[in-house]
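The values are calculated or read from the model by the stated rules, or taken from the named source; none is laboratory data. These numbers come from a predicted model, not from an experiment. When we count neighbours, we look across all protein chains shown, and the Cβ atoms used for this are built from the backbone with ideal geometry, even at glycine. These area figures cover heavy atoms from the full protein model, side chains too; ligands, DNA and RNA do not enter into them. Shrake-Rupley method; radii C 1.70, N 1.55, O 1.52, S 1.80 Å.
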Amino acid sequence: MKNLPLILSSVIIGIILFQSALVAPAINKLINPTEASILLRFIWPKFFLIISFISLASFVIIMIYSSQDFFKYLSFISFLLMLICYFITPSINEAKDSFNDQLWTVLHLSTIIITLATLILNILIIIYWKSTD
């Protein structure tokens, strides 16, 4: 159980890379823009919730089985960042629907940067994890 956060961070990294590098670009390339928009609006909130749930699970496991405060913070921040993205998503959709391109760009870029930060946090967990306390 002590090393389960390593597995969870690996899963988070895999989800982020798969979704961002393969799924979203393929959808945008292969499906017409209207249908792509519908599909992406369905997928992205679930993406953010899944990663936040996994991050929260990692945080709880670290709280129970480890005294490594650094990793508690990283996993909890990962959880919070993905929740922020989840709650920003409706505003992104509204900005797109109302043709507010400037707001859409700022919010969309924010979720990209936050997701990148989450990716980095989980890479740090894997790099610096110490299996013994």
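Annotation: per residue accessible area for region 1-60 equals 57 Å², rounded to a whole number [probe 1.4 Å, protein chains only]. So how tilted is helix 69-97 from the main axis of the chain? Cα-based, degrees 0 to 90, rounded to 10. Tilt of helix 69-97: around 10 degrees. Each stretch of four or more DSSP H residues adds -39500 (n - 2.57); spread over every residue of the chain, this sum gives -29500 deg cm²/dmol at 222 nm. Between residue 31 and residue 69, the FRET efficiency from the beta-carbon distance, with R0 = 35 Å, is close to 0.20. In this simple spin-label model, placing a label point 7 Å from the Cα along the Cα-to-Cβ direction at both residue 126 and residue 42 gives a separation of 3.0 nm.
Under the rule a/c < 1.5 gives rounded, and otherwise a/b versus b/c splits prolate from oblate, where does region 35-76 land using the Cα gyration tensor? Prolate shape, in that a/c is at least 1.5 and a/b is the bigger ratio. Cα-based values for region 1-117, radius of gyration first and Dmax second, are 15.9, 50 Å.
Of all lysines in the structure, those lying under 25 Å Cα to Cα from residue 130, and not within fewer than 8 positions of it along the same chain, are 2, 72.
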